[in-house]
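The values are calculated or read from the model by the stated rules, or taken from the named source; none is laboratory data. Because the structure is predicted, anything quoted here is derived from the model rather than measured. Quick reminder, even Gly has a Cβ in these numbers, built from the backbone with ideal geometry, and neighbours come from all protein chains shown.
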Amino acid sequence: EDQVTQSPEALRLQEGESSSLNCSYTVSGLRGLFWYRQDPGKGPEFLFTLYSAGEEKEKERLKATLTKKESFLHITAPKPEDSATYLCAAYGGSQGNLIFGKGTKLSVKP
Amino acid sequence: EAQVTQNPRYLITVTGKKLTVTCSQNMNHEYMSWYRQDPGLGLRQIYYSMNVEVTDKGDVPEGYKVSRKEKRNFPLILESPSPNQTSLYFCASSPRAGWTDTQYFGPGTRLTVL
């Protein structure tokens with residue numbers, strides 16, 4: 001069964017304390033791995049797309065990486081405004097659709 | 001401004017009373033989709049549309065209907081809502097259906113069925 005699993009479910013960091021969020025996937029024929037940010041009560045906002053193992057993308061304090069089994073979202077020196085739920089989604093699988101993980105809720109304290 | 005809009009943003013209704021949630025995009029996107037988001041379950045796809053007059057079921061289509069008569073609009077219809085359809089609903093669109101295309105999400109509709 002095609003599946004996307006994110007860990008941890010919740011992560012609390014102090015401002016400036018770097019860490020990583022994990023997204024492991026079992027999706028046949030992966031065609032793309034997406035990261036979204038979601039603020040409370042709002043729709044997901046696109047961050048990155050990764051297409052092949054070894055690929056990396058960066059945006060401000062965020063860097064996404066991809067291997068054949070998982071993706072990581074690295075957050076360097078986070079700030080309180082980085083607090084949000086981060087969603088991972090894989091495109092592919094037997095149905096050829098976007099499969100979402102349940103998200104990691106990140107809280108960054110000043 | 002390029003955007004996906006949904007209406008209403010909040011809705012409280014009673015069991016069995018038909019309702020429609022509208023979704024509109026101004027980006028000339030071919031692909032549109034509806035999701036529901038529930039605590040502990042994440043985002044699940046309800047229906048999607050590859051283009052005008054082309055719709056198909058997602059993972060959780062039971063109790064929902066959609067139509068795509070115009071490219072910009074993709075309404076979600078609940079003919080006889082039940083309490084288990086209480087959820088946060090998102091409409092999304094992308095230029096085409098495919099791995100190269102990012103989906104852009106609307107602001108969400110919070111539905112409560114009593």
Problem set entry | Test: residue in the range B:59-76 that is among the polar types (S, T, N, Q), farther than 18 Å from A:C88 by Cα and surrounded by 14 or more Cβ atoms within 10 Å (Cβ to Cβ) | yes
Exercise. Does B:T20 satisfy being assigned to a strand (DSSP E or B), hydroxyl-bearing (S, T, Y), more than 14 Å from every other protein chain (Cβ to nearest Cβ) and more than 14 Å from the chain's Cα centre (by Cα)?
Worked result: no
For this session: Would you please name the residue that is farthest from the other protein chains (Cβ to nearest Cβ), looking only at residues in the range B:26-39 that are within 17 Å of B:N84 (Cα to Cα) and touching a Lys or Arg at 6+ places or on another chain (Cβ under 7 Å)?
Result: B:R36
Exercise. Among the strands (runs of 3 or more DSSP E) confined wholly to the range B:40-114, which include 1 or more residues that are at pLDDT below 95 and within 14 Å of chain A (Cβ to nearest Cβ)?
Worked result: B:42-51, B:54-57, B:87-94
For this session: Just need a number here: residues in the range A:1-43 that are loosely packed, with under 13 Cβ neighbours inside 10 Å and within 15 Å of B:G42 (Cα to Cα).
Result: 7
For this session: Within the range A:44-66, identify whether any single residue is of a type outside the set (D, E, K, R) and in contact (Cβ under 8 Å) with a residue 40 or more places away in the chain, and answer yes or no.
Result: yes
Seminar exercise, completed: Within the range B:80-114, of all residues that are of a type in the set (D, E, K, R) and closer than 27 Å to B:V52 by Cβ, the one nearest to the chain's Cα centre (by Cα) is B:R96
Seminar exercise, completed: Of the candidates A:F48, A:F72, A:F34, the one satisfying the condition of being out of contact with any helix residue (DSSP H, G or I) (no Cβ under 7 Å at 6 or more places or on another chain), more than 14 Å from chain B (Cβ to nearest Cβ), in a strand (DSSP E or B) and not polar (S, T, N, Q) is A:F72
Exercise. Has the range A:81-93 got any residue that is assigned to a strand (DSSP E or B), free of Cβ contacts under 8 Å to residues at least 40 places away in the same chain, within 14 Å of another protein chain (Cβ to nearest Cβ) and in contact with a strand residue (DSSP E or B) (Cβ under 7 Å, 6 or more places away or on another chain)?
Worked result: no
For this session: Return yes when A:G43 is of a type outside the set (A, V, I, L, M, F, W, C) and within 30 Å of B:T109 (Cα to Cα) and no when it is not.
Result: yes
